[in-house]
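Below is one structure, written out as structure tokens; comments come after it.
The values are calculated or read from the model by the stated rules, or taken from the named source; none is laboratory data. Small disclaimer: the values here were computed from a predicted structure and weren't measured. Don't worry about glycine lacking a Cβ; one is built from the backbone with ideal geometry, like all the others, and counts go over all protein chains shown.
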Amino acid sequence: MSNILVNAPKTARRGAVIEIKALIMHPMETGFRPGPNGRIIPRNIIERFTATWNGAEIFAMDMSPAIAANPFVSFFAEAKESGTVVLRWTGDEGFVAEQRVDIAVE
Amino acid sequence: MTGRLLAIGLALVFAASYAAAQVGADKRRSGYQDMGEALQKMQDDDTANPGMLFVQLGGQLWNRAVGAADKSCADCHGAAAVSMKGVAARYPAIPGGSDRPVDLEGRINLCRTEQQKADRLPPENRDLLALTVYVAHQSRDLQIAPPYDPRLDAFRQEGAEIYRRRQGQLNLSCAICHDDNAGKKLAGIVIPEAHPTGYPIYRLEWQALGSLKRRLRNCLVGIRAEAWPLDAPEYVALELYLMQRARGLKLETPAVRP
């Protein structure tokens, strides 16, 4: 279970450009830091973030070890039709998190 | 007659301006006011403030049964929005059956060992911080209101002494920076007045939530003093004094700090 906070409008006018903001709890361990025992802590980052609107991809980004813990992503999308936006984070150690947001387009 | 009226008039003017001066006398500043606008907005937006992730996690832990007693926090305390409102504004306090004050983290660990029959969570443990921030969040926007409890006086006094005591290789006291030189700059950064208004805080430098204890250890290392052990009573004494000093300021938990 992941902790996620999403800020997206519940309704939008057709054709309007809306901003979707998402914050997720994740350590984003770089893989370069030694732990208390002197050994390198294995890398554990989110590798990819995608957003789909009714199944069609509207935004995607690759993440790198330089991105801070608990990454915050903000992007814009054109509101074409009512539907579900699915935000998906995937990463090291089999990390998968998903959050669905319903947006009504009028 | 006119002389008397004049005297009364002058007295009224004086009283009014004195009252105005008293109202305006509180010049204390939360660290929030010394941050940049971007960070203030980050803290104010509940979907951009990373501390809210931990509040969310704390809410989940609040309802999760743990320990040999298989009880959750909610089983005893019900809805935190009601039962925990104002709690953070009056802590640290002395728990029943004890004679030493504990901070919020200490209180949660007491509940774990006594009620839930579970292990204590270690300091700066993620779940302990999440529970603490969830409880403290219920007091957001309330004024800090340390209780009148004569048993706390000695501990507050001890905290005040620690605050003014020079220590470390740099031979500095808390007061030298945070009273005498607050508002000035240290290495380009504004020195805050050290009011514990938003703990546990999400500090960007830490990339994590951290307790007041962690922040105090940071300062101790900064003045090259030896940090007290993690369970030392000095931290609670200092927190008692700082909360007294910040009486009336609003809680912001979870605060974001650079």
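Among residues of the range B:36-50 being buried (at least 16 other Cβ atoms within 10 Å of the Cβ) and in a helix (DSSP H, G or I), the one that is nearest to the other protein chains (Cβ to nearest Cβ) is B:42.
Picking from B:154, B:136, which residue would you name as being of a type in the set (A, V, I, L, M) and closer than 30 Å to residue B:79 by Cα? Steps first, please.
On the way: B:154 fails: closer than 30 Å to residue B:79 by Cα.
Testing whether each residue is of a type in the set (A, V, I, L, M) and closer than 30 Å to residue B:79 by Cα leaves just B:136.
Exactly one residue among B:128, B:104, B:53 is within 14 Å of chain A (Cβ to nearest Cβ) and surrounded by 21 or more Cβ atoms within 10 Å (Cβ to Cβ), and that residue is B:53. Among the residues of the range A:1-16, write down those that are assigned to a loop (DSSP other than H, G, I, E, B), more than 14 Å from chain B (Cβ to nearest Cβ) and hydrophobic (A, V, I, L, M, F, W, C). Residue satisfying the conditions is A:16 alone. Inside the range B:143-258, counting only helices (runs of 4 or more DSSP H) that do not spill past its ends, which hold 1 or more residues that are under 12 Å from the mean Cα position of the chain (by Cα)? The helices (runs of 4 or more DSSP H) meeting that bar are B:212-222, B:233-245.
Residue B:175 fulfils the conditions (1) at pLDDT 95 or above; (2) closer than 23 Å to residue B:90 by Cβ except for a single criterion, (2). Considering B:30, B:98, the condition of being among the hydroxyl-bearing types (Ser, Thr, Tyr), away from chain A (no Cβ under 13 Å) and farther than 26 Å from residue B:120 by Cβ is satisfied by B:30 alone. Per the listing B:79, B:69, B:65, the residue uniquely modelled with pLDDT of 90 or more, surrounded by 11 or more Cβ atoms within 10 Å (Cβ to Cβ), in contact with a strand residue (DSSP E or B) (Cβ under 9 Å, 6 or more places away or on another chain) and away from every other protein chain (no Cβ under 14 Å) is B:65. Could you tell me whether residue B:82 is in a helix (DSSP H, G or I) and either among the charged types (D, E, K, R) or touching a His at 6+ places or on another chain (Cβ under 7 Å) (or both)? So residue B:82 fails the test.
Checking the conditions here, which among A:29, A:19 is surrounded by 13 or more Cβ atoms within 10 Å (Cβ to Cβ), within 14 Å of another protein chain (Cβ to nearest Cβ) and either in contact with a strand residue (DSSP E or B) (Cβ under 8 Å, 6 or more places away or on another chain) or of a type outside the set (Ser, Thr, Tyr) (or both)? Quick ask: steps written out before the conclusion?
Working: A:19 fails: surrounded by 13 or more Cβ atoms within 10 Å (Cβ to Cβ).
Criteria check complete, one pass: A:29.
For every residue, the table says whether it meets (1) modelled with pLDDT of 95 or more; (2) in a loop (DSSP other than H, G, I, E, B); (3) surrounded by 14 or more Cβ atoms within 10 Å (Cβ to Cβ); (4) in contact with a Gly (Cβ under 6 Å, 6 or more places away or on another chain).
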{"position": "A:36", "(1), (2), (3), (4)": "no, yes, no, no"}
{"position": "A:49", "(1), (2), (3), (4)": "yes, no, yes, no"}
{"position": "A:60", "(1), (2), (3), (4)": "yes, no, no, no"}
{"position": "A:67", "(1), (2), (3), (4)": "yes, yes, yes, no"}
{"position": "A:70", "(1), (2), (3), (4)": "yes, yes, yes, no"}
{"position": "A:80", "(1), (2), (3), (4)": "no, yes, yes, no"}
{"position": "A:88", "(1), (2), (3), (4)": "yes, no, yes, no"}
{"position": "A:96", "(1), (2), (3), (4)": "yes, no, no, no"}
